[in-house]
Structures are given as structure tokens and as C-alpha cells.
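**Student:** I have a structure I would like to understand better, so I am pasting it below and will then ask my questions one at a time.
The values are calculated or read from the model by the stated rules, or taken from the named source; none is laboratory data. Computed from a predicted model, the values in this text were never measured in an experiment. Virtual Cβ from ideal backbone geometry, glycine too; neighbours counted across all protein chains shown. Surface areas here come from the heavy atoms of the whole protein model, side chains and all, with no ligands, DNA or RNA. Shrake-Rupley method; radii C 1.70, N 1.55, O 1.52, S 1.80 Å.
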Amino acid sequence: MAKNNLNDWTCWVQIAGRILNQTQLKQLHAQLIQNSLHHRNHWVALLINSCARLRAPLSYTRIIFHSTPSPNLFALNSMVEYYFSLHVCKEKEVELLTSLFSQLLASNNKPGSLYPILIKSSGKAGILFHVHLLKLGHHQDPHTRNAIMNAYSKFGSFEMARKLFDEIPKRMVADWNSMISGYWNCGMEAEACSLFNLMPENERNVVTWTAMVTGYAKIKDLFTARSYFDRMPHRTVVSWNAMLSGYAQNGLAKEALQLFHHMIKAGNGTEPNQITWVTVISSCSSLGDPSLADSLVKILYKKKVQLNSFLKTALLDMHAKCGNLETAQKFFDKLSVHRSCTTWNAMISAYTRFGNLALARELFDRMPVRNIVSWNTIIAGFAQNGHPEMAIRLFEEMIATTDLKPDEITMVSVISACGHLGDLEMGNWIVNFLVDNQIKLSISGYNSLIFMYSKCGRMEDAERIFQEMKIRDIVSFNVLVSGFAAHGNGIEAVELISRMRKEGIEPDRITYIGVLTACSHARLLKEGRRVFESIKCPTVDHYACMIDLLGRVGELDEAKRLVDHMPMEPHAGIYGSLLNASVIHKRIELGEFAANKLFQLEPTNSGNYVLLSNIYASAERWDDVDRVRESMRKLGVKKTTRWTWVEHDGKVHKVILGDRSYER
DNA sequence: CTAGGGTTAG
């Protein structure tokens with residue numbers, strides 16, 4: 001470390017970039033103390049920046065901060081950024097900052113250009129500087145005033161922002177833009193729009209237009225967002241990014257990719273930047289298409305795009321969602337100290353998606369800082385992978401040991417976990433918890449309640465929730481239908497079809513599976529047949545349900561005819577239904593036919609052998625029973641019950657509607 | 001100098 005370089009800013013930046021871990025940070029700090037440079041503001045600022053990046057502990061960072069006798073803007077600024085990087089800016093810290101800020105203002109005569117920067121980087125605390133600026137008369141500086149106004153509209157109230165806005169004698173474009181996005185922050189479409197229209201047309205710049213695009217995307221009105229985008233006189237990368245992320249964040253991945261192609265084709269000097277790539281990659285993730293992912297990676301490579309940590313995290317997620325866990329893992333390892341909370345969350349989610357709960361849990365326990373998404377990820381991971389009890393335990397741990405407030409996403413997982421467990425007591429406790437903590441539910445929240453109640457055998461409560469909903473979606477109907485199916489309420493299930501059509505929702509594959517299963521359990525042959533014939537493109541699963549229904553009511557010959565005339569290749573479920581019906585109705589020949597098909601399709605499923613031997617047993621054909629048992633032994637088929645059939649009321653029932661069918 | 005765009009959970 002040459003001393004003559006210490007006043008050179010580029011040298012500092014270089015050194016800052018070289019600090020990769022806390023050990024190096026401490027070494028540098030020690031070197032500075034040795035050279036008596038540790039009280040210099042620029043070095044303090046630099047060290048604190050590194051502390052924020054490396055997530056150094058608060059106590060250590062404070063020691064560094066207090067080593068400067070009179071902190072200047074740079075030092076103060078870094079400290080503010082550090083506090084915000086912790087996401088735990090407590091009142092006390094804000095007070096400290098405010099007093100330091102006022103000290104600084106008092107000692108500095110010029111309203112320097114650094115004020116807007118400091119206010120902006122202080123986030124919510126920026127508002128607190130307003131009063132100090134007023135006292136010192138610096139609030140008239142247009143840029144400082146704009147920064148304050150912007151802080152109000154982002155973190156405080158749009159009313160205060162509007163008050164400042166109205167008092168400005170000569171408004172800059174930035175003032176209009178701050179105010180418009182302030183309104184959009186609160187979802188106030190009408191006010192934002194009226195300001196936009198009030199603004200002189202030649203004053204509107206690309207930022208104004210982009211703010212409108214973002215605003216409409218935020219309220220999920222992508223049609224209007226697009227119309228503003230199309231009407232823009234000029235577009236920058238930011239405008240394209242705004243429109244792209246509007247699509248991406250509202251689940252319109254295809255539209256996002258289409259627009260991206262448009263962007264590339266149009267050229268116009270709007271080259272995609274890292275933010276564009278992050279958005280595009282995230283759209284590709286939600287499509288889960290490996291070949292698309294592959295081609296994107298190739299383009300990134302060809303264009304020599306620099307990968308920052310946002311991009312690497314997005315790529316990690318994309319690979320995981322497109323089925324490549326190893327590559328995802330590689331990105332996670334490569335990120336090392338640059339891992340953000342999001343990076344950890346994405347990796348945990350990758351493990352849960354592949355069903356590896358042990359590794360997911362290990363990462364969760366190891367990560368330095370957890371946010372609400374971390375908890376939601378791990379809770380959902382256990383809830384969806386057959387460990388609802390662990391999901392609930394984690395939820396309890398979360399509310400007992402953290403200050404994080406559970407949101408709807410947390411609750412959806414917990415409610416569905418109660419459903420899987422059939423734990424009505426816990427379910428009711430959760431409902432009270434929702435009320436006590438004022439957690440508002442959207443459609444999917446209510447859907448999870450319907451699921452929970454019907455799994456707990458409380459169909460009247462499930463129906464009550466369903467009725468209480470103002471808007472329902474296809475899942476609402478499907479969950480209720482499958483509840484009816486499980487409880488054998490055939491008529492109710494059939495009636496739901498016409499009801500959903502009345503609400504403008506067309507039944508889908510899952511709906512029909514549910515209704516047919518309900519008919520099967522209720523032995524409603526006529527209704528089931530009518531429903532089956534009304535399906536436009538029946539899938540193999542629908543045939544399975546219909547054959548199950550026919551078999552159950554004893555129409556085995558018709559069932560066999562249906563199997564023979566299916567337009568597609570029958571799968572194991574089809575022959576399973578047939579075999580099952582043959583057992584019940586003691587149809588040995590048909591049973592042998594179905595069983596032989598099943599032995600080819602799933603040679604390791606012991607259940608099929610058992611069923612066939614049961615047929616022989618019921619006809620007292622003990623030689624055949626022994627023969628089946630023997631071939632089972634020879635083939636090494638173990639009696640591991642990967643059962644797709646369950647016993648209920650003394651009869652064998654087929655479980656077609658796994659709860660997972662909604663999640664896939 | 002100021003205003004507009006980013007990754008993760010159901």
C-alpha cells in the first residue's frame with residue numbers, strides 16, 4: 001500500500017473491489033491503524049461500504065464508523081447504506097444518523113450537491129432530514145427539494161409530497177415525475193393519470209412515460225401499460241425493461257419473451273442491459289423450458305454479457321426450474337460471498353423442487369439472514385413434499401423466534417398442511433390467527449381454506465367459504481369438486497359444472513376428473529356418462545375415471561368395450577380400474593386380462609399381483625393363487641405398497657385425485 | 001446532481 005496513492009480515488013475503489021471477505025477487511029483496517037489513516041473519512045466510508053457488502057456485524061462496523069472524529073458526507077452516507085443493508089434500521093439508529101446529519105449541516109455552509117444523494121440513499125430516513133434542511137434554509141435548492149419530495153412519495157405520504165409539490169413555484173420535470181410515481185406507489189391510478197394529463201405535453205419525457213407503464217403494470221392492467229408503451233415518443237432501455245418486467249411479474253412470460261424479440265429486432269440503439277437479461281431469464285424460468293434456457297445461455301455467452309450477482313441468481317433459478325440442479329448448484333457455489341438473501345432462497349427452493357428436503361433444511365439453517373421469503377420457501381417445501389407436520393412446526397418456530405410477519409403465502413402453505421394432516425383443530429386456530437393478525441386473503445388463500453375444510457371432512461364449512469368468496473377461479477371450483485368427490489357427493493359435483501359456466505369459467509381437465517370421480521363414488525352412471533360425453537377432448541385420465549365408474553356399477557362389458565375403443569394407448573390406471581372392478585364382481589377372465597397388461601406396464605407393483613391372487617382366492621382356485629405368489633417371488637417383487645388404491649367402507653376405492661394434481 | 005427498470009416463496 002503506497003502512501004502517495006492514498007489520495008487517489010481510483011486507488012480506493014480498486015482496493016475496495018479487492019476485499020473479498022471479512023478477514024481481508026480486518027487486515028486492511030489493521031494496516032490503516034498502523035499508518036494512522038483509520039480516522040480519515042474516505043477510508044472509513046470505504047471500509048463501511050465493504051462491511052455492508054460482506055454483511056459484517058454491526059458492532060464491528062460501528063467501531064470503524066466511530067474512528068472518524070467528524071464524519072463527513074461520504075462516511076455518513078456509507079453508514080446509512082450499511083444500516084439499510086441490514087434491513088433492521090431501528091429507531092435508535094435513525095436518531096443517531098439524524099443528529100449526525102444536522103451536525104454536518106451546521107458545519108457546512110454550502111448546500112452541496114451531495115444532499116440529494118444522501119437523502120436518496122437514506123431511504124425512509126431521508127424524510128427525517130427534511131426538518132433539518134428547513135431549519136437551515138436549504139430546502140429551496142431544487143434538487144434537494146426534489147429528493148425530499150421523492151422520499152415522501154416513496155416512504156411517507158403522498159399527501160406530504162403533494163403539499164411540497166404544490167408549493168414549488170417553478171416545477172422541474174423531475175418534480176412532476178416524482179409526484180406521478182408517488183401516486184402509483186399507492187396504486188392511485190386516477191390521480192397519477194390526472195397529473196399526467198395536466199402536465200404540458202412537451203414537458204413529458206421518457207421518465208414520465210415509463211412511470212405510467214410501470215404504474216399500470218403494478219395494478220396488473222397490462223393492456224393499458226402496453227398502450228402507453230406503444231405511444232411513447234422515445235424509448236430507452238429502462239422503458240423496455242419496465243414493460244418486460246410488467247409482463248414477467250404478472251406471469252405473462254410468453255409476452256415478455258415476445259417483446260424481448262421485438263426489442264432485439266428493433267435495434268434503435270436500445271441494447272439489452274443486465275436488468276433486461278435478469279427479466280428475460282426470469283420469464284424463461286417460469287416457462288421451465290430447458291432448450292429455451294440453453295439458447296439463452298448461448299446468447300449471453302456470445303454477447304459476452306457481464307454476469308453480476310442479480311444475473312447469476314436469476315440463472316441459478318432458471319437452471320433449477322428447467323431441471324438442471326447441478327448447474328444451479330454451480331452458480332450458487334460461484335457466488336460465494338456475493339450471495340444475497342435471494343440467492344440462498346433460490347437455492348433452497350431448488351432443493352425443495354427436487355424433493356431434497358435435507359439439503360434445503362441445511363442451507364436454511366446455514367444462511368446468515370432470513371427474510372419472509374426464506375421462511376415461506378422452507379415451509380412450502382415441507383408442506384408440498386409430504387411433511388405437513390414439519391411445515392407447521394417451522395411456522396410455529398417462525399412466529400416464536402422472529403419479528404417477521406407471516407403473509408398470505410405463508411398461510412396458504414400452513415393451511416394446506418393442516419388439510420393434509422386433517423388437523424381441524426390447528427386449522428381453526430389458523431383461521432383465528434388470520435383474523436387476529438389482519439392477514440388478508442386473496443382467491444388462492446380462500447382456495448386453501450376450501451381444501452383444508454374438505455380434507456377435514458367439513459364440507460359445510462368448505463361450501464360456506466366458497467359461497468363467501470366474491471370472485472372465484474377455476475381452482476376454487478376444482479378444490480370443491482374434489483372435496484365432493486372424496487365424500488361421494490356426486491350430484492353436487494355435477495351441479496358445479498353448470499354453476500361455473502354461469503360465472504364464465506370453463507371446466508378443465510381437473511374439473512372433469514373430479515366430477516367423474518364423484519359420480520363414480522356415488523354410483524351415478526347416467527350423470528357420469530352424460531358428463532363424460534360432454535368432454536370435448538377427453539384425456540386418458542378421463543377414460544380411467546369412466547371405466548372406473550362403469551366397473552363400479554357392474555357394467556364390466558361396457559368398460560372393456562371402452563378400453564378397446566380408446567383413441568389413445570391405455571395406461572396403468574385404466575387396467576387398474578378394470579382389475580379392481582373384476583375383483584369386486586368376481587370376473588376372473590377380465591381380471592386376468594387386466595392383470596397381464598399391468599404386469600407389463602408396472603412389473604414391480606406388488607398390488608397388481610395381490611389383486612389377481614385375490615380373484616383366484618375368491619373363486620377358491622388355490623393353485624392359481626400359489627402360481628401368482630410364486631411368479632411374484634421369482635420376479636423379486638417386494639410387497640412395498642406404493643398403493644394407488646385405498647380401503648374405505650370395506651370396499652376398495654381408487655384415489656385418482658391426488659392433492660398434488662392442483663400443484664402440478 | 002433529480003424522476004422511470006432487476007433475482008426468490010403459493
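**Student:** Might you check whether a residue that is open to solvent by less than 40 Å² (accessible area, probe 1.4 Å), in contact with an Asp or Glu (Cβ under 9 Å, 6 or more places away or on another chain), of a type in the set (A, V, I, L, M) and in the same structural domain as A:Ser442 (by TED's automatic domain parsing) occurs anywhere in the range A:461-479?
**Tutor:** No - not one qualifying residue is present in the range A:461-479.
**Student:** Filter the range A:483-492 down to the residues that are out of contact with any Asp or Glu (no Cβ under 8 Å at 6 or more places or on another chain) and part of a helix (DSSP H, G or I) and list them by number. First the steps, then the outcome.
**Tutor:** First, the residues of the range A:483-492 that are out of contact with any Asp or Glu (no Cβ under 8 Å at 6 or more places or on another chain): A:483, A:485-489, A:492.
The answer is A:Gly483, A:Ala485, A:Ala486, A:Glu492.
**Student:** Which of the numbered conditions does A:Ala225 fail, given that it passes all the others? Conditions: (1) closer than 19 Å to A:Ser283 by Cβ; (2) part of a loop (DSSP other than H, G, I, E, B).
**Tutor:** Every condition holds for A:Ala225 apart from (2).
**Student:** If we keep just the residues of the range A:377-399 that are within 10 Å of DNA strand B (Cβ to nearest atom) and hydrophobic (A, V, I, L, M, F, W, C), which is surrounded by the fewest Cβ atoms within 10 Å (Cβ to Cβ)?
**Tutor:** Taking the candidates together, the pick is A:Ala380.
**Student:** Could I ask something else about it? Scan A:Leu134, A:Leu164, A:Leu128, A:Leu198 and give me the residue that is more than 8 Å from DNA strand B (Cβ to nearest atom), touching a helix residue (DSSP H, G or I) at 6+ places or on another chain (Cβ under 6 Å), open to solvent by 50 Å² or more (accessible area, probe 1.4 Å) and not polar (S, T, N, Q).
**Tutor:** A:Leu128
Residues are listed down the side, and each one gets a yes or a no for (1) of a type in the set (Gly, Ala, Ser); (2) more than 12 Å from DNA strand B (Cβ to nearest atom); (3) open to solvent by less than 30 Å² (accessible area, probe 1.4 Å):
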residue	(1), (2), (3)
A:Thr279	no, no, yes
A:Asp294	no, yes, no
A:Asn308	no, no, no
A:Val337	no, yes, no
A:Cys341	no, no, yes
A:Ala360	yes, no, yes
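**Student:** Of the residues A:Glu506, A:Glu533, A:Glu495, A:Glu527, only one is part of a loop (DSSP other than H, G, I, E, B) and either open to solvent by 10 Å² or more (accessible area, probe 1.4 Å) or at pLDDT 95 or above (or both); which?
**Tutor:** Within the list A:Glu506, A:Glu533, A:Glu495, A:Glu527, the selection yields A:Glu506.
**Student:** With the requirement that a residue be open to solvent by 60 Å² or more (accessible area, probe 1.4 Å) and more than 8 Å from DNA strand B (Cβ to nearest atom), what does the range A:362-376 give you?
**Tutor:** Selection gives A:Glu362, A:Asp365, A:Arg366, A:Pro368, A:Val369, A:Arg370.
**Student:** Just to be sure before I move on: is A:Arg660 modelled with pLDDT of 50 or more, assigned to a helix (DSSP H, G or I), of a type outside the set (Val, Ile, Thr) and open to solvent by 60 Å² or more (accessible area, probe 1.4 Å) in the structure I sent?
**Tutor:** Details: modelled with pLDDT of 50 or more: no; assigned to a helix (DSSP H, G or I): yes; of a type outside the set (Val, Ile, Thr): yes; open to solvent by 60 Å² or more (accessible area, probe 1.4 Å): yes.
No: the conditions fail for A:Arg660.
**Student:** From the list A:Ile588, A:Ile584, pick out the single residue that is in contact with a Gly (Cβ under 8 Å, 6 or more places away or on another chain), within 22 Å of A:Ser613 (Cα to Cα), of a type in the set (Val, Ile, Thr) and surrounded by fewer than 19 Cβ atoms within 10 Å (Cβ to Cβ).
**Tutor:** A:Ile584
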